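**Q** The following block contains the structure, expressed as structure tokens.
The values are calculated or read from the model by the stated rules, or taken from the named source; none is laboratory data. Just so it is clear, the model here is predicted, and its values are computed rather than measured. Glycine also receives a Cβ, built like all others from the backbone with ideal geometry; neighbour counts cover every protein chain displayed. The area values use the complete protein model at the heavy-atom level, side chains included, leaving out ligands, DNA and RNA. Shrake-Rupley method; radii C 1.70, N 1.55, O 1.52, S 1.80 Å.
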Amino acid sequence: MPSVLQLTDLHLLSDPAATLKDICTRDEVTRVFAYIREGVAARRWNFDQIVITGDLAHDEQRETYEVLREMLGDWLPNCKLMLGNHDSRPFIREVFPELASNELDFFTFSCRVGEWQLIGLDSHISGEVPGELGQRQLEWLAEELRLHVGQPTVLFVHHPPFEVGSAWVDALGLRDAASLLELATNAPQVKAICAGHVHQDRQKNIGNLQLFTTPSAVVQFGVNSEEFSLDFIPPGFRILHLEGDIFRSEVVRLP
Ligand SMILES: [Fe+2]
């Protein structure tokens, strides 16, 4: 059964000792990667693909992507990267040229894992916190869904296409969420949409479509909070189990 590991919101910084909300993101990502590798060695989990759903870097520095490239090591051939609001599209393209998927000006992927199609979207708007896919990308997605009709599909996008119940971050969401959801709900092959951005584990179902947000690999935000707040629970990631055409997933948090 194919499995996919979703990591999100690493917020790496070029200075190895730099912190975000008093957490050294470099150390925390190192700890999370080590924990995942330990789990693979102990056969607690395995995965065919890693998808990192944006906010890879917090400082939009080229060096930060070089650090990430080194940290990924032997995972790189099975890894897909996506842009978050904090990322730099030019630097990701430069440091990960093999992942720059198409000639279009957005940074997306569409790949097959077992019987499943995984499609990563690019909701980054340069200089802004909210996200948007835009008409051309939505048309590209519609075409991908047509090409792979009948194949169970998971979509990934940094900005969640649903409100998670935290007013401050819901105001910074995906502007064309309605268009994305219309496409997804009209394509019954799309089983789930996995997002990041909100640094918390949330879920919503629309009919048979499952929508998720996944905890950050570093800093957690308070759930159901009107204003920005932190949650002092361990970082985590999501493991997607793709069996037949059934989508299941679980969040794993570090001890
Ligand atoms: Fe983030």
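**Q** Quick check: residue separation of LYS204 and ARG136 times 0.36 nm, minus the Cα distance between them. What number comes out in nm?
**A** 21.8 nm
**Q** Report, to the nearest whole %, how much of the accessible area of the range 68-108 belongs to carbon and sulfur atoms, 1.4 Å probe, protein only. Before the final figure, lay out each step's value.
**A** On the way: 920 of 1830 Å².
Here it works out to 50 percent.
**Q** What helices does the chain have that are whole DSSP H segments, at least 20 Å long along their own axis by Cα, and with mean Kyte-Doolittle hydropathy of -1.0 or more?
**A** Details: long enough: 25-41 (24 Å, -0.21).
Sorted by number, the helices that extend far enough and score high enough are 25-41.
**Q** Give me Rg/Rg_expected for the range 47-162, where Rg uses Cα atoms only and Rg_expected = 2.2 N^0.38 Å with N residues.
**A** Numbers: Rg = 13.9 Å, N = 116, 2.2 N^0.38 = 13.4 Å.
Taking the Cα Rg and dividing by 2.2 N^0.38 Å, one obtains 1.04.
**Q** Under the definition of Cα pairs under 8 Å and six or more residues apart, what whole-number percent is the relative contact order of the range 3-253? Intermediate results must be reported in sequence, preceding the final value.
**A** Values: 552 pairs, mean separation 48.6, N = 251.
For the range 3-253, the relative contact order is 19 percent.
**Q** Now for a different question. How big is the dipole moment of the chain about its Cα centre under a simple scheme where the beta carbon of each Lys and Arg is +1, that of each Asp and Glu is -1, and everything else is neutral? Debye, nearest 20, please. All intermediate terms of the calculation are to be shown ahead of the outcome.
**A** On the way: 21 positive and 37 negative charges, 160 e Å.
Its charge dipole is roughly 760 debye.
**Q** Over all directions, what mean area does the Cα convex hull of the chain project, stated in square nanometres? Could the numbers behind the result be given before it?
**A** On the way: hull surface 49.6 nm².
Dividing the Cα hull surface by four gives the mean projection, 12.4 nm².
**Q** Can you list the GluC sites (Glu not before Pro) in the range 137-185 that are in a DSSP coil and have 14 or fewer other beta carbons within 10 angstrom?
**A** Hits after loop and neighbour filter: nothing returned.
**Q** Mind checking which of ALA41, ALA18, ALA177 has the largest fluctuation in a GNM of the chain, springs on alpha carbons under 10 Å?
**A** Greatest mean-square fluctuation among the candidates belongs to ALA41.
**Q** Still on this structure, I have one more. Using a 1.4 Å probe, what is the accessible area per residue for the range 3-253, in Å²?
**A** Details: 10520 Å² over 251 residues.
Each residue of the range 3-253 exposes 42 Å² on average to a 1.4 Å probe.
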